[in-house]
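Written out below as structure tokens is the structure these notes cover.
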Amino acid sequence: LSTIGLLCGQWDCGIVVAGIKVYKGREDMSLNCVATGYKRSKQELPESRHEESGQSLVEMAFALPILILLLVAVIDFARIIDAGIVMTNAAREGARFASIDPGLSVAEIQQMVVNDILGSGTNITVMEDFAVDNVTVVIDTTGRDVTVTLTYEFELWFGPIINLNTVELTRQAVMPVF
């Protein structure tokens, strides 16, 4: 019975012999031991959980701030990705317009890019202060390539929590001039 005692954790165990249950204790005072098929006495079960009544509250107090911080970090990170996508598309559009219409001036290309950023239609990423100063257009001296570079100081909603108010985003597109 020492092996049985080890398997059941020193419980009041019974053995199944040829389909007949042999118990060391009373049958009405035992519960099934799922892992081994043996029985455990109800007297071995904890009577109440009064000792652990505040444990969940303390665990939640430690875990909740971390979970909230992760949630707001995910939100700001998603906004950064969205702003990067909007800026990449605008830079690509500006370079495309400059490559198919070499008669456009640098100011016209810059204004097209700004209009594309401001009219992007995304609700979560608002870049209302994006201006012509954020757009640099360089036409190669040989006239073969046009480069549109966008830079923007993206303001984070929850950045002050970790003392990071803005993130600088830079996107660039290069296209050949036709």
Taking θ as phi - 60°, what are the ³J(HN,Hα) couplings along region 150-158 by the Karplus curve (6.51, -1.76, 1.60), each to the nearest whole Hz, with x for Gly and Pro?
-> 10, 10, 7, 8, 7, 8, 8, 6, 10
State, to one decimal in nm, how far the label point of residue 144 lies from the label point of residue 165, with both points 7 Å from Cα in the Cβ direction.
-> 4.5 nm
Would you mind pulling out the separation of the Cα centroids of region 49-100 and region 109-131, in Å?
-> 22 Å
tail above 17 Å in the computed P(r) of region 67-178, as % of all Cα-Cα pairs, reads 54 percent
Computed over region 54-178: relative contact order in percent, which uses C-alpha pairs under 8 Å that are six or more apart = 28 percent
Dipole in debye (nearest 20) - region 63-178, about Cα centre, beta carbon charges: Lys, Arg +1; Asp, Glu -1 | 300 debye
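How about region 74-163: which chymotrypsin sites (Phe, Trp or Tyr not before Pro) there lie in a loop by DSSP and see at most 13 other Cβ atoms within 10 Å? The partial results should precede the final answer.
Numbers: sites: 77, 97, 130, 152, 154, 157, 158; in loops: 130, 157, 158.
Qualifying residues, ordered by number: 157.
Coordinate-derived values only; no laboratory data. Everything numeric in this text was worked out from a predicted model, so none of it was measured. Cβ atoms come from the backbone with ideal geometry, glycine included; neighbour counts cover every protein chain shown.
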